[in-house]
Amino acid sequence: MIQRLIERSAVLVGSLAASSILVFAFMAVLPGDPARVALGVNASDQAVAALRAQFGLDRPLVSQYFSWAGGLLRLDPGQSYISRAPIGPQISDRLQVTLWLVVSSMVIALVIALPMGTLMAVWHRRISGLVLSAVSQVGVAIPAFVAGIALIALFAVKLGWLPANGWTPPAQDPVMFLKQLALPALSLGLVQASVMTRYVRSSVLDVLREDYLRTARAKGLRPMRALARHGLRNASVPVVTVLGLQLATLLIGAVVVERVFVIPGLGSLLLDAVASRDLILVQDVVMVLVVAVLLVNFVVDLLYALIDPRMGREGR
């Protein structure tokens with residue numbers, strides 16, 4: 001386990017370094033001068049040159065990269081080119097909002113996908129299993145933002161049960177916070193649940209066909225009890241893989257859903273920065289998303305050793 005931790009940590013560090021280089025290089029090759037964009041097209045060349053020097057844009061690209069990467073390591077991502085405000089507090093505030101949305105959506109997805117996928121596998125030869133499978137297929141085909149618009153039309157416009165948009169911090173008004181979180185979390189969670197249900201079904205079906213599960217049933221255990229006692233741990237290994245991928249998908253999907261529901265999260269900050277061509281802010285937000293995805297994959301890799309005993313023995 002310790003060896004696996006060291007190996008995966010080394011891979012994580014290498015991936016973070018390579019990702020930072022790619023993100024910086026992509027932003028560096030984009031056309032346009034950030035200083036000119038910040039000051040406007042009528043600004044004098046002297047003013048543009050002074051602003052470029054202030055932001056360090058007149059230095060070589062290698063020097064700019066190490067300055068930016070060093071700032072990230074110190075948790076100081078710099079200043080916005082447009083507003084001149086520190087970027088760190090902006091990302092911190094918006095990230096909290098996005099995490100609430102992503103975590104609640106994943107909880108909804110797991111609560112639906114695990115039992116539904118298991119039942120689809122156990123009932124795969126029954127009409128009820130086919131109906132559940134068809135429902136999950138429909139859910140996979142619906143984009144999260146379309147699900148969000150449909151939920152707004154039903155629960156906010158027609159029924160009036162929940163607000164259509166907005167955001168209230170949980171410490172300020174917990175009840176309103178939950179009301180405003182419900183629809184965006186459902187729109188993301190229902191779509192992700194449909195995807196995860198398919199993987200849970202496939203994984204449980206593979207386990208149901210294993211000899212050790214047939215032996216457990218031959219000894220008198222009922223199918224569901226035999227599955228719960230001997231099969232779910234093995235079935236969870238591929239599900240954990242999908243869970244990591246879906247968390248990354250949720251982070252990306254939150255960008256659009258936050259716009260639909262007017263939520264001031266990391267996605268909205270990214271889209272606003274793109275619209276205003278605040279390249280340093282775009283660069284920092286993209287890097288935060290990359291770090292989040294890599295950390296999720298790192299945790300998933302470590303979970304393998306805890307879930308699958310064979311991997312645990314390999315790491316010793």
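From the mean inverse distance of alpha carbon pairs (Kirkwood) and the Cα radius of gyration, derive Rg over Rh for the chain.
Over the Cα atoms of the chain, Rg/Rh equals 1.06.
When you count, for each residue, the other Cβ atoms within 10 Å and take the mean per peptide, how do 112-119, 266-273 rank with the highest first?
Highest mean packing first, the order is 266-273, 112-119.
Rank L75, L302, L243 by mean-square fluctuation in a GNM of the chain with C-alpha springs under 10 angstrom and give only the top-ranked residue.
So, out of L75, L302, L243, the one fluctuating most is L75.
If packing is taken as the average number of other Cβ atoms within 10 Å across a peptide's residues, how do 185-196, 141-152, 91-102 rank, most packed first?
Per-residue mean Cβ counts within 10 Å order the peptides as 185-196, 91-102, 141-152.
Between A47 and S67, what is the label-to-label distance in nm when each label sits 7 Å out along the Cα-to-Cβ direction?
2.2 nm
Given points 7 Å out from each Cα along the Cα-Cβ axis, report the V107 to V146 separation in nanometres with one decimal.
According to this spin-label approximation, the distance is 2.9 nm.
Name the trypsin sites (Lys or Arg not before Pro) in the range 1-75 that are in a loop by DSSP and that have at most 13 other C-beta atoms within 10 Å, would you?
Numbers: sites: R4, R8, R36, R52, R74; in loops: R74.
Qualifying residues, ordered by number: R74.
For the chain, set up a Gaussian network in which alpha carbons nearer than 10 Å are linked by springs, and say which option among I263, I82, I280 fluctuates the most.
So, out of I263, I82, I280, the one fluctuating most is I82.
Take the Cα coordinates of the range 1-152, assign each an equal point scatterer, and use the Debye formula without solvent to give log10 I(q)/I(0) at q = 0.15, 0.19, 0.20 Å⁻¹.
Computed log10 I(q)/I(0) values: -1.01, -1.20, -1.25.
Rounded, prolate or oblate for the range 1-59? Axes are the square roots of the Cα gyration tensor eigenvalues, ordered a ≥ b ≥ c, and the cut-off for rounded is a/c under 1.5.
Prolate is the answer for the range 1-59, as a/c is 1.5 or above and a/b outweighs b/c.
Set the Förster distance to 35 Å, then compute FRET efficiency between T168 and R74 from the Cβ-Cβ distance, nearest 0.05.
0.60
Can you bin the range 67-214 into rounded, prolate or oblate? Criterion: square roots of the alpha carbon gyration tensor eigenvalues sorted a ≥ b ≥ c, rounded for a/c under 1.5, prolate for a/b above b/c, oblate for the rest. Don't jump to the answer; show the numbers that get you there.
Numbers: a/c = 3.03, a/b = 1.66, b/c = 1.82.
Oblate, since a/c reaches 1.5 and b/c is not below a/b.
May I ask you to list the residues of the range 182-203 whose amide nitrogen lies under 17 Å from a point 7 Å from Cα along the Cα→beta-carbon direction of V157?
Residues passing the 17 Å test: 183-184, 187.
Read the figures in this text as sums done on the coordinates, not as results from a lab. Predicted model, so just to flag it, every value in this text is computed and none were measured. A quick note on method: Cβ atoms are made from the backbone with ideal geometry, for glycine too, and the neighbour counts reach across all protein chains shown.
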